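To start, the structure under review is shown below, and the notes come after it.
The values are calculated or read from the model by the stated rules, or taken from the named source; none is laboratory data. Quantities reported herein were computed from a predicted structural model and do not represent experimental measurements. Here the Cβ is made from the backbone with ideal geometry for all residues, glycine too, and neighbour counts use every protein chain on show. Note: accessible area is taken over every heavy atom of the protein model, side chains too, but ligands, DNA and RNA are not part of it. Shrake-Rupley method; radii C 1.70, N 1.55, O 1.52, S 1.80 Å.
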Amino acid sequence: MNEGKTGRGAAIDIRDVTKSYGSFKALDGVSLHVEPGEFMTLLGPSGSGKTTTLNVVAGFTDVTTGTLLVGGRDVVGVPADKRNIGVVFQHYALFPHMSVGRNVAYPLGLRGVGRADREKRVRQALDMVKMSDFAHRYPSELSGGQQQRVALARALVFDPPLLLMDEPLGALDKKLREWLQLEIKRIHRELGTTFIYVTHDQEEALVLSDRIAVFNGGHIEQVGTGRELYDEPATLFVGRFIGDSTVLRGEVLRGGEGTCLRIAGETVATPRRINGNGTPVMLLRPEKLTIRRRGQPATHAQNRLSGTVTEAIYLGSGSKYEVRLADGSTAIVRSSLADESFGIGDDVALCFEGVDVKLLPDDASADTSLT
Ligand code: ATP
């Protein structure tokens with residue numbers, strides 16, 4: 001193990017990769033560049049192609065077409081054990097008949113590292129995951145979280161320039177998962193290794209990643225920081241997958257420099273322009289909406305939509321409401337503790353600025369492909 005940040009992470013270039021099983025395309029033209037030392041997360045619903053992409057990079061799955069560069073080297077056709085990549089799976093995959101210390105030493109033995117150096121590096125790797133006191137235990141004597149920390153030490157002990165992780169925290173409970181997320185983040189920061197991480201949990205992706213690639217149906221919809229994906233989703237699918245959102249459909253009254261829409265019988269104005277053909281959908285984030293009792297003096301916000309509260313959820317730090325609008329669609333609003341609270345059946349107005357509206361090309365498949 002290198003001490004301190006090494007900056008030795010590899011750049012990864014996935015170029016137009018497809019993977020077919022018969023006539024089915026599990027990957028359909030996936031391209032992704034990962035910077036050296038970056039933490040990239042592959043995020044998407046079940047079956048969207050995240051694990052297949054990871055397996056292609058690891059060398060466990062061949063590509064059908066396309067190119068793959070790891071640290072500038074074309075690795076298509078190179079066997080997995082010759083790629084020098086660390087891998088951590090959801091299920092810990094430790095050798096049950098070996099102690100923790102021997103498990104972590106295993107990759108060093110394969111690489112012919114001498115005994116003295118091996119012991120030092122195993123110690124450093126176990127220190128890094130805070131498992132030094134457990135070197136003599138066997139995997140069956142460890143909790144799930146501890147086993148996963150050992151698996152991480154084993155994957156990093158030979159200083160790979162790239163670490164791949166496939167839902168490594170998926171089998172753990174929420175509290176432990178949240179703690180280990182911060183541990184993984186710390187280790188990434190300390191090492192400077194490139195990390196590619198698979199999850200279907202958007203909160204986990206937001207906590208961990210420098211950038212996130214959002215997968216849908218075997219292709220990447222958008223790559224960006226969590227903030228970019230949340231604030232400026234390129235597609236309806238991304239807007240719905242990252243964070244809570246209200247999606248409303250209506251008709252365009254006026255396009256051009258600014259846009260006027262008729263939504264649920266009311267007029268909404270926004271400085272945003274319509275991109276692409278067809279009637280756009282309007283996407284709003286819950287914190288951009290202010291909820292008021294109907295009939296109360298209006299806020300200064302540019303737009304308002306009337307509705308009735310159908311669900312009120314107390315969150316501790318505030319409340320979340322579902323509001324049914326005149327056309328039957330549902331809006332989601334979040335309010336803070338300082339705001340007035342509302343109950344089911346209350347008639348309310350939702351106020352928002354036009355600049356906070358996102359206009360996106362409609363995509364009916366975004367509703368169903370999220371499940
Ligand atoms: P999950 O989060 O459920 O693991 P994923 O996004 O990782 O999903 P993949 O495991 O990459 O999805 O699978 C992508 C698609 O490829 C799925 O429809 C899956 O059924 C299909 N697939 C994967 N492996 C094979 C295989 N060996 N033969 C046929 N189809 C496969």
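Quick notes on this one:
- Pairwise FRET efficiency - Ser132 versus Arg324, Cβ, R0 = 56 Å, nearest 0.05: 0.50
- Fraction of accessible area attributable to carbon and sulfur, the chain (%, probe 1.4 Å): 49
- Proximal charge balance of Leu94 [Cβ under 15 Å; K/R count +1, D/E count -1]: +3
- Kirkwood estimate for region 180-297, i.e. one over the average of 1/r between Cα atoms, Å: 17.0
- Three-way shape call for region 12-236 based on the alpha-carbon gyration tensor, with the a/c threshold at 1.5: prolate
- Helices in the chain, meaning DSSP H runs of at least 4 residues, each add -39500 (n - 2.57). Divided by all residues, the mean residue ellipticity at 222 nm is -7000 deg cm²/dmol.
- Ser209, Ser31, reordered so the largest accessible area comes first (probe 1.4 Å): Ser31, Ser209
- A DSSP coil position with no more than 13 other Cβ atoms inside 10 Å describes the following GluC sites (Glu not before Pro) in region 240-273: Glu257.
- When Lys120, Lys50 are compared by accessible area at a 1.4 angstrom probe, the order from most to least is Lys120, Lys50.
- Accessible surface, the chain, averaged per residue in Å² (probe 1.4 Å): 46
- Separation of the alpha carbons by more than 28 angstrom is noted, of Lys130/Lys175; Lys25/Lys185; Lys50/Lys175, for Lys25/Lys185.
- Cα centroid of region 173-213 to Cα centroid of region 67-137, whole Å: 19
- Distance in nm between pseudo-label sites at Glu266 and Asp201 (7 Å out along the Cβ direction from Cα): 3.7
- Extension gain (nm, one decimal) between Asp244 and Ser23, 0.36 nm per residue minus Cα-Cα: 76.0 nm
- Of Ile212, Ile12, Ile184, the one that fluctuates the most in a GNM where the chain has Cα springs shorter than 10 Å: Ile184
- In order along region 101-110, the phi-based Karplus estimate (6.51 cos²θ - 1.76 cosθ + 1.60, θ = phi - 60°) of 3J(HN,Hα) comes to x, 6, 4, 6, 6, 3, x, 6, x, 4 Hz; Gly and Pro are listed as x.
- Local net charge near Ala331, Cβ-Cβ under 10 Å (Lys/Arg +1, Asp/Glu -1): 0
- Under-5 Å amide H pairs with Val348, H placed in peptide plane, nonlocal only: Arg294, Gly307, Thr308, Val309
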